[in-house]
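Contents: one structure, followed by commentary.
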Amino acid sequence: PTGALRIKSSVELVKEAIADPNTLTVVQVAPSVRVGVGELLGFGAGKNSMEKLVGALRTLGFDWVHDTVYSADLTVVEEGNEFLDRLHNGGRLPLLTSCCPAWVKYCEENFPEFRDNISTCRSPQQMLGSVLRKFYEAPERSGGRRVVSVSIMPCTAKKAEILRPESYTDGKRDIDFSLTTDELLGWMAAEGLTAETCPESPADDPFCLGSGGGTIFGVTGGVTEAVLRYLSPKLGFSGYAWTADAGARGFQGIKRITLEVNGAPVRIAVVSGLKNAKELLQRVRDGEEQFELIEVMACPGGCIMGGGQPADVYRSLLRRQARSRGLYDTDGTTAIKASQENESMHRFWETFIAGQEHTLLHRNFGG
Ligand code: SF4
């Protein structure tokens, strides 16, 4: 029956902001979007089309175009540190990931006893949202213009996330509009932007370079794999090499990984689909299973199969595999593999974020 539903689109409001000379418009693109558009733009299913997307967004009139992979790296470092803190200091475990707003809402409503297990880290969308607003609202960058921040995301849950009370910083909403991949494709088609007419362009500095770990956030298990790449040198998992698949890849609804640190197990579950999340949380609640870390993505397969991605391919197993391959191939050819190796992120952290981690990178309940 969901054929009767229509997404409340913000495209016209975004166009108005772009047309307003007193407005500076910034946009970010999620990891999964770049591998979701290839088949419709004529590049082939799962092909990483980020440079074409950036070119299209510039042609549509955005002043600055950025890559959410950058803030996926921020998330890995901050969430990894939160995990280490909870592990070493008797904090609440298992740590539940917070990147997927549909999952966070589901957990809050159906398993309130696990509410404090959810990571306090903002999602990559919201981390970049708070950073971009702070960065561009500085008078030397805005020149007194109003800053309008937009995100291109794989699902409508991200539209709801930007409205949550903890998605505000210093009383101001971080992101003004969130568009789905489908909405962007519709807008591009209306402007006659095709594979042939779209110029190619890299994203704008400094929020442009991300690690392979940040890129695979778009597929189930990607967050876990990226966080393990960060934790591995710090915890020294015995017999584990982060260069190999640690068991986080693949489309099974629940994957279990056990690593060892000084003889003690670190148990991780990777869950895709809310039905599987329900089953696993019930088992954890009833004491039938124990974990230190649980990743949950509401969409089976992760964001590559989000409800805002092109719908005609939504049910296709082949497309899901192609999109997943597109992200892992990009990881394979990215020089920086682990988030902590992202020098650009470290430099920005030291010069801009340092001292404001709580305000900019964590969910500040109450505004
Ligand atoms: Fe959105 Fe689905 Fe990704 Fe969750 S898993 S953030 S609902 S696309």
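The values are calculated or read from the model by the stated rules, or taken from the named source; none is laboratory data. None of the values given here were measured: they were computed from a predicted structure. We place every Cβ from the backbone using ideal geometry, glycine too, and count neighbours over all the protein chains shown.
Going through the stretch 170-223 one residue at a time, which ones are under 27 Å from Asn276 (Cα atoms) and part of a loop (DSSP other than H, G, I, E, B)?
Val219, Thr220, Gly221, listed by residue number.
Could we say that Asp329 is modelled with pLDDT of 95 or more and surrounded by fewer than 18 Cβ atoms within 10 Å (Cβ to Cβ) here?
When the stated conditions are applied, Asp329 passes them.
Hey, among Phe177, Phe217, which residue is closer than 22 Å to Val65 by Cβ and within 14 Å of the ligand (Cβ to nearest atom)?
One residue alone meets the criteria, Phe217.
I'd like the full set of residues that are within 16 Å of the chain's Cα centre (by Cα) and of a type in the set (D, E, K, R), limited to the stretch 157-190.
Those that are within 16 Å of the chain's Cα centre (by Cα) and of a type in the set (D, E, K, R): Lys158, Lys159, Glu161, Asp174.
Please go through the stretch 292-302 and give me each residue that is more than 16 Å from the ligand (Cβ to nearest atom) and either surrounded by 23 or more Cβ atoms within 10 Å (Cβ to Cβ) or closer than 17 Å to Arg115 by Cβ (or both), ordered by number.
Leu293
Do you know which of the residues in the stretch 303-324 that are surrounded by fewer than 17 Cβ atoms within 10 Å (Cβ to Cβ) and more than 14 Å from the ligand (Cβ to nearest atom) is modelled with the lowest pLDDT?
Taking the candidates together, the pick is Arg315.
Grab the helices (runs of 4 or more DSSP H) fully contained in the stretch 74-169, keeping just those with 1 or more residues being more than 16 Å from the ligand (Cβ to nearest atom) and modelled with pLDDT of 95 or more.
Because the criterion is at least 1 residues that are more than 16 Å from the ligand (Cβ to nearest atom) and modelled with pLDDT of 95 or more, the helices (runs of 4 or more DSSP H) in the stretch 74-169 that meet it are 124-136, 139-142.
Just one of the numbered conditions (1) closer than 17 Å to Ala335 by Cβ; (2) free of Cβ contacts under 8 Å to residues at least 12 places away in the same chain; (3) small (Gly, Ala, Ser) is not true of Gly210; which one?
Unmet for Gly210, out of (1) closer than 17 Å to Ala335 by Cβ; (2) free of Cβ contacts under 8 Å to residues at least 12 places away in the same chain; (3) small (Gly, Ala, Ser): (2).
Would you please list the contacts, defined by Cβ atoms under 6 Å and residues six or more apart or on different chains, that run from a residue in the stretch 65-88 that is without any contact (Cβ under 8 Å) to a residue 60 or more places away in the chain to a residue that is of a type in the set (A, V, I, L, M, F, W, C)?
Going by the 6 Å Cβ cut-off, the qualifying pairs are Arg86/Leu93; Arg86/Leu95.
Return the residues of the stretch 321-340 that are more than 17 Å from Gly301 (Cα to Cα), in contact (Cβ under 8 Å) with a residue 60 or more places away in the chain and not basic (Lys, Arg); say none if nothing qualifies.
Scanning the stretch 321-340 gives Thr330, Asp331, Gly332, Thr334, Ile336, Ala338, Ser339, Gln340.
For the stretch 268-278, state whether one or more residues are within 16 Å of the ligand (Cβ to nearest atom), hydroxyl-bearing (Ser, Thr, Tyr), in contact (Cβ under 8 Å) with a residue 40 or more places away in the chain and out of contact with any helix residue (DSSP H, G or I) (no Cβ under 6 Å at 6 or more places or on another chain).
yes
Here is a check on your reading of the model: is Gly253 within 16 Å of the ligand (Cβ to nearest atom), under 15 Å from Gly38 (Cα atoms) and not aliphatic (A, V, I, L, M)?
Here the answer is no, as Gly253 does not meet what is asked.
Restricting attention to the stretch 16-38, which residues are within 22 Å of the chain's Cα centre (by Cα), farther than 14 Å from Leu128 by Cβ and not small (Gly, Ala, Ser)?
Within the stretch 16-38, Thr25, Arg34, Val35, Val37 meet the criteria.
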